[in-house]
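Q: After the structure tokens below, expect a handful of questions from me.
The values are calculated or read from the model by the stated rules, or taken from the named source; none is laboratory data. Because the structure is a prediction, the values reported are computed rather than measured. Note: ideal-geometry Cβ built from the backbone for every residue, glycine included; neighbour counts use all protein chains shown.
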Amino acid sequence: MLLIGGGVLILALGAGGFVLGSILSNRQPAVPAAPAAPVIPPPIFVPLDAFTVNLKGEDGDRFLHTGLSLKVADADTQARMTQYLPEARSRILLLLSARQPADLATVEGKRKLADDIRNAINQPFATGLPPQRVLDVLFTSFVVQ
């Protein structure tokens, strides 16, 4: 009787071990979820009509013809730019006409001009309005003659 009981116990333990091993081996290891890719909003550009200004150079009168697009951070800035476009264009024209032709001949001069335009446009258009959020000034054409 003791032998039969021991045999049954060994068979029961063996069967239980087999079933438990089968269950554990079929289980897939936990794979951490991949982090979600950040959602990058599409850029918002505000194209401006071309600018043509006279430049006073050491070698006589010259002119600058340039096209610009402004990269803005949000739709609110885009709406304000559209609403206050004459004031924005006036600020840009004043900056352009104050330049010397030699300053605009180099890449550094153009970058400095773009930074100055961005800083001027980012100033509030009226008291109580928030500043604009212009991220970049992009030249779409640039001719000094």
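Q: Please state which one of 97, 141, 69 is surrounded by 12 or more Cβ atoms within 10 Å (Cβ to Cβ), at pLDDT 95 or above and among the small types (Gly, Ala, Ser).
A: Among 97, 141, 69, only 69 is surrounded by 12 or more Cβ atoms within 10 Å (Cβ to Cβ), at pLDDT 95 or above and among the small types (Gly, Ala, Ser).
Q: From 62, 133, 89, 99, grab the single residue that is basic (Lys, Arg) and either touching an Asp or Glu at 6+ places or on another chain (Cβ under 7 Å) or under 25 Å from residue 40 (Cβ atoms) (or both).
A: 133
Q: Can you tell me how many residues in the range 115-131 are in contact with a strand residue (DSSP E or B) (Cβ under 7 Å, 6 or more places away or on another chain) and either surrounded by 16 or more Cβ atoms within 10 Å (Cβ to Cβ) or among the charged types (D, E, K, R) (or both)?
A: The number of residues fulfilling the criteria is 3.
Q: Can you name every residue in the range 73-94 that is in contact with a Lys or Arg (Cβ under 6 Å, 6 or more places away or on another chain) and buried (at least 18 other Cβ atoms within 10 Å of the Cβ)?
A: 77
Q: If residue 87 passes every condition in (1) among the charged types (D, E, K, R); (2) in contact with a helix residue (DSSP H, G or I) (Cβ under 9 Å, 6 or more places away or on another chain); (3) closer than 18 Å to residue 53 by Cα but one, which one does it miss?
A: For residue 87, the failing item is (2).
Q: Within the range 110-145, track down each residue that is more than 24 Å from the chain's Cα centre (by Cα), free of Cβ contacts under 8 Å to residues at least 60 places away in the same chain and on the phi < 0 side of the Ramachandran plot.
A: 126, 127
Q: Among the residues of the range 50-66 satisfying the criterion of being farther than 16 Å from residue 137 by Cα and of a type in the set (Gly, Ala, Ser), which is surrounded by the most Cβ atoms within 10 Å (Cβ to Cβ)?
A: The selected residue is 57.
Q: I'm checking my understanding of the structure. Among residues of the range 100-113 that are surrounded by fewer than 16 Cβ atoms within 10 Å (Cβ to Cβ) and aliphatic (A, V, I, L, M), which one is farthest from residue 49 (Cα to Cα)?
A: 102
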